[in-house]
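J.: This is the structure I have questions about; it appears just below.
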Amino acid sequence: DQPYTPWLERARKDYVQSKAAEKKFEDSVKATRIPNTVPSHPLTAFVGEYHNPIYGKIKISASEGKLSMSFRKQESLLYHFHYDHFVTNEAKNDLPDFRLRFLTNDKGEIDEIITSPLGYPAVSFKKE
């Protein structure tokens, strides 16, 4: 006879712990948000293809006053977080969330995205 292993209880405990950790992380991110800010440029200035030699391309599009992002097979709406920071909200779709920080060059033009693709350390995507 094998001893009883409470797999369902273990799975439930792991699930509850992971949801609590996820909520704590989301709350900590939301706490950094500065309300009542606007992007530094019109949304059309953010549009374009941004490239990283390792991760490939992020395409930013604008339609009906909203930005969207395409990265590999993921298509996501972008929501304004604060200043030139935008986020995705894909928890319901079981896709990774992104936080995109847009940067400007010396001419004041949007030319770079800093993000952490798939949870890896932050990397730069340069506008092509």
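The values are calculated or read from the model by the stated rules, or taken from the named source; none is laboratory data. These numbers were taken from a predicted model, which means no experiment stands behind them. Every residue, glycine among them, receives a Cβ derived from its backbone with ideal geometry; neighbour counts consider all protein chains shown. Remember, those area values only see protein heavy atoms, side chains included, never the ligands or the DNA or RNA. Shrake-Rupley method; radii C 1.70, N 1.55, O 1.52, S 1.80 Å.
J.: Condition first: among the β-branched types (Val, Ile, Thr) and either part of a loop (DSSP other than H, G, I, E, B) or touching a Gly at 6+ places or on another chain (Cβ under 9 Å) (or both). Can you find one or more residues in region 10-26 that meet it?
T.: The answer is no, given that none of the residues of region 10-26 is among the β-branched types (Val, Ile, Thr) and either part of a loop (DSSP other than H, G, I, E, B) or touching a Gly at 6+ places or on another chain (Cβ under 9 Å) (or both).
J.: Report yes if some residue within region 44-62 is at positive phi and in a strand (DSSP E or B); otherwise report no.
T.: The answer is yes, given that some residue of region 44-62 is at positive phi and in a strand (DSSP E or B).
J.: I would also like to ask the following. Among the residues of region 47-79, which ones are closer than 16 Å to residue 111 by Cα and of a type in the set (Ser, Thr, Tyr)?
T.: The answer is 50, 61.
J.: Out of region 91-118, which residues are at pLDDT below 80 and open to solvent by less than 70 Å² (accessible area, probe 1.4 Å)?
T.: 91, 96, 117
J.: Hey, among the residues in region 63-90 that are outside any strand (DSSP E or B) and open to solvent by less than 60 Å² (accessible area, probe 1.4 Å), which one's modelled with the lowest pLDDT?
T.: 90
J.: Where residues in region 9-55 are farther than 17 Å from residue 66 by Cα and aliphatic (A, V, I, L, M), which of them is farthest from the chain's Cα centre (by Cα)?
T.: Selected residue: 11.
J.: Cβ contacts < 7 Å: first residue surrounded by fewer than 14 Cβ atoms within 10 Å (Cβ to Cβ), restricted to region 29-50; second residue small (Gly, Ala, Ser), any location; separation 6+ or different chain. Result?
T.: 44/62
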